[in-house]
1. State all residues of region 78-94 that are over 11 Å from the mean Cα position of the chain (by Cα), assigned to a loop (DSSP other than H, G, I, E, B) and crowded, with 17+ Cβ neighbours inside 10 Å; if no residue qualifies, say none.
2. Could you list all residues from region 175-188 that are of a type outside the set (Phe, Trp, Tyr) and in contact with a Phe, Trp or Tyr (Cβ under 7 Å, 6 or more places away or on another chain)?
3. Name the residues in region 163-209 that are in contact (Cβ under 8 Å) with a residue 24 or more places away in the chain and acidic (Asp, Glu), would you?
4. So how many residues does region 22-45 have that are part of a loop (DSSP other than H, G, I, E, B) and under 17 Å from LYS195 (Cα atoms)?
5. Quick check, is GLU45 modelled with pLDDT of 95 or more and touching a Phe, Trp or Tyr at 6+ places or on another chain (Cβ under 8 Å)?
6. Could you list, in sequence order, all residues of region 181-196 that are under 25 Å from SER98 (Cα atoms) and not polar (S, T, N, Q)?
Amino acid sequence: MLSRIIVVILATSLAFSAANKKITGTARGENQDLILHVTIYADAESVKGVVGDDLGGHFIVAEVRVEPKYGKEIVIDRDEFALRTDKNGEKSKPMAPSQIAGNGGLVITRTNGPGGQGAEPTRGWSMGGIGMGSGGGMGAGGGADTSGVKAKMEQGSDKENPLKKVLDAKVLPEKKVEEPVTGLLFFPMEGQKLKDLEMIFGAKENRIGMRFKEVK
């Protein structure tokens, strides 16, 4: 009887540990102008640990340190970053704090949109009538070819969302720098395995691609 109880306790402990395992990883990349050090937080618990809020479980957060080379002045543009998954080819650009937690707050719900006759239902992000496609581009409507969520802003409130202040303080700044700078990027993506994720930075001539090594 005692041995059976011990087995049950051990099984419960292992299941609890697996359910609460944090999904974090690190990567490094460089080109002729800069070096990037990235730590990625790919689950709600890890996101809450670095942001102070789990963002509804719908975001992957990356902590990025940008180091200019040889004292060069570089311009940080968050749109140069993208996160891609091998799982379904989805490619996501980082969202600004005002998009995540603007006035009135961000309401996030999972959705599947209707497809045409004989077509698969469309899935993806919709924000204020703007759809975000799997290639990270923006277009009219909500017919994005990504798995994800539907997001819309609640109306009728002029009070600033407290979360926006937190995100503004933590986001990677967009500015000219000559010294290293660190900040967060917020990618609308969820339910991903670390091995499937790739961070991409820059255009073709200076592109950096980074795969992540799990943090034990």
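1. Selection gives GLU90 alone.
2. Hits for region 175-188 are LEU185, PRO188.
3. Matches in region 163-209: ASP168, GLU174, GLU178, GLU179, GLU190, ASP196, GLU198.
4. Total meeting the criteria: 4.
5. no
6. VAL181, GLY183, LEU184, LEU185, PHE186, PHE187, PRO188, MET189, GLU190, GLY191 - these are the residues of region 181-196 that are under 25 Å from SER98 (Cα atoms) and not polar (S, T, N, Q).
The values are calculated or read from the model by the stated rules, or taken from the named source; none is laboratory data. Values in this document were obtained by computation on a predicted structure and should not be read as measured data. Note that each Cβ is placed from the backbone with ideal geometry, even for glycine, and that neighbours are counted across all protein chains shown.
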